[in-house]
1. Based on the Cβ-Cβ distance from LEU102 to LEU19, what FRET efficiency comes out when R0 is 41 Å, to the nearest 0.05?
2. Please list, or write none, the lysines whose alpha carbon is within less than 28 Å of the alpha carbon of LYS129, excluding same-chain residues fewer than 8 places away.
3. Tell me, how many Å apart are the Cα centres for segment 135-174 and for segment 45-70?
4. Provide the packing ranking of 53-65, 151-163, i.e. peptides ordered by the mean count of other C-beta atoms within 10 Å per residue, highest first.
5. Over the Cα atoms of segment 46-182, each weighted equally, I'd like the Debye log10 I(q)/I(0) at q = 0.11 Å⁻¹, rounded to two decimals.
Amino acid sequence: MLGNCRGRVTMISRRTFILGLTAAAVAYPLSGVFGSWPPDRTLNAYNIHTDEALEITYFSEGSYDTAALEKINHLMRCHYTNEVHSIDTNVLDLLCDIQDSLGGNRQVEIISAYRSPEYNDILRTKSRKVARNSLHLQGMAIDFAVSGVDQEALARTAKSFFAGGVGKYPEFVHIDIGPVRYW
């Protein structure tokens, strides 16, 4: 029985009661799936060129922390020109996923993230492997290493996400959020 404002009692049918009870029983286990946030994302990184380190949670309770992203952008700036550029959150999330899959809160050593056009041109004169329109210019690529993890294992871990380009070099691994491809 249900009450209403006027003091009258309203009856609900057994069928309506059972349907409501069944709906609640089915929906309750799913409440954790739909009602929870994705896990926090914390990046532990060290820039080998600027000797700066940062351990920071940049995603929490379903949203990105703008102040934390600004600190990450500063850490991952072009070390040649000191120019800061936004690092795409998709490549940050990929880097964080790789870091998490290695376990033990390992620190990621940043070799290169954002590159200014000027610095990219300098690198192109030194190596044919540097692309004219590198995704580093857009903050969509990161070159990194992790102490104690060889480049083969690091590249294999990065490839397991099928999330973009992965290049294995003797000193580091390159990831980007362009088309899926490997070299």
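1. The computed FRET efficiency comes out at 0.25.
2. List returned: LYS159, LYS168.
3. Answer, in whole Å: 18.
4. 151-163, 53-65
5. Debye intensities relative to I(0), on a log10 scale: -0.36.
Read-outs: derived from the displayed coordinates by stated rules, not from any lab. Note that the structure is predicted; figures quoted are calculated from it, not measured. Cβ: placed from backbone, ideal geometry, glycine included. Neighbour counts: every protein chain shown.
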